[in-house]
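**Student:** Below are the structure tokens for one structure; questions will follow.
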Amino acid sequence: MLALQAYEARLCPVCGMDSRICHDETRFQSMRAKGRVEVCFARYERNRALDEYRGSGQADPLAEGAITVGLTAPPPDIFEEDQPSWR
């Protein structure tokens, strides 16, 4: 646990990188790190559900910050032909 605490203590709370790199512009630039934008579709769907909830007129303003959002996968199609058969 001490090793984990030591590791986590040196992580940047903003980006999660080792702060010895991301807080040192010269060191960071020497890595030639380039940013790229990607979309986490799980988070995207959570955001969509929250937006829908907030716009529904049912949203409780006191619940802000206490809302949890779950993702529910549709049931598998048991008649789909490309499903593996275990028989």
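**Student:** Would you mind checking which residues have amide H under 5 Å from L11's amide H? H placed 1.01 Å from N; only 5 or more apart, or other chain.
**Tutor:** S19
**Student:** Give a residue-ordered list of calculated ³J(HN,Hα) values for segment 48-54 (Karplus: 6.51 cos²θ - 1.76 cosθ + 1.60, θ = phi - 60°; whole Hz; x for Gly, Pro).
**Tutor:** 4, 5, 5, 4, 4, 4, 5
**Student:** Relative to the present Cα-Cα distance, how much length would full extension add between D77 and Q58 at 0.36 nm per residue of separation?
**Tutor:** Stretched fully, the D77-Q58 segment lengthens by 3.6 nm.
**Student:** Shifting gears a bit: Test of understanding: given the chain, find the longest segment containing no chymotrypsin sites (Phe, Trp or Tyr not before Pro) that are in a DSSP loop and have at most 12 other Cβ atoms within 10 Å.
**Tutor:** Segment 1-78 is the longest.
**Student:** Segment 1-25 to segment 34-81: how many Å between their Cα centroids?
**Tutor:** First find each Cα centre; the distance between them is then 30 Å.
**Student:** If all Cα-Cα distances of the chain are sorted into 5 Å bins from 0 onward, what percent lands in each bin, rounded to whole numbers?
**Tutor:** 2, 9, 11, 10, 9, 12, 13, 12, 11, 8, 3, 0, 0
**Student:** Let me have the 222 nm mean residue ellipticity of the chain computed from DSSP H runs of 4+ only, each contributing -39500 (n - 2.57), with the sum over all residues rounded to the nearest 500.
**Tutor:** Calculated mean residue ellipticity at 222 nm is -10500 deg cm²/dmol.
**Student:** Give me the number: length gained by fully extending F28 to D51, i.e. 0.36 nm times residue separation minus the C-alpha to C-alpha distance, one decimal in nm.
**Tutor:** Gain on stretching F28 to D51: 4.6 nm.
**Student:** Longest segment of the chain with no GluC sites (Glu not before Pro) in a DSSP loop having at most 13 other Cβ atoms within 10 Å?
**Tutor:** Longest gap between qualifying sites, sites excluded: 1-37.
Values quoted throughout were computed directly from the atomic coordinates according to the rules given, and no laboratory measurement underlies them. All values derive from a computational prediction rather than experimental measurement. Neighbour counts are summed over all protein chains in view; Cβ atoms, including those assigned to glycine, are modelled from backbone coordinates with ideal geometry.
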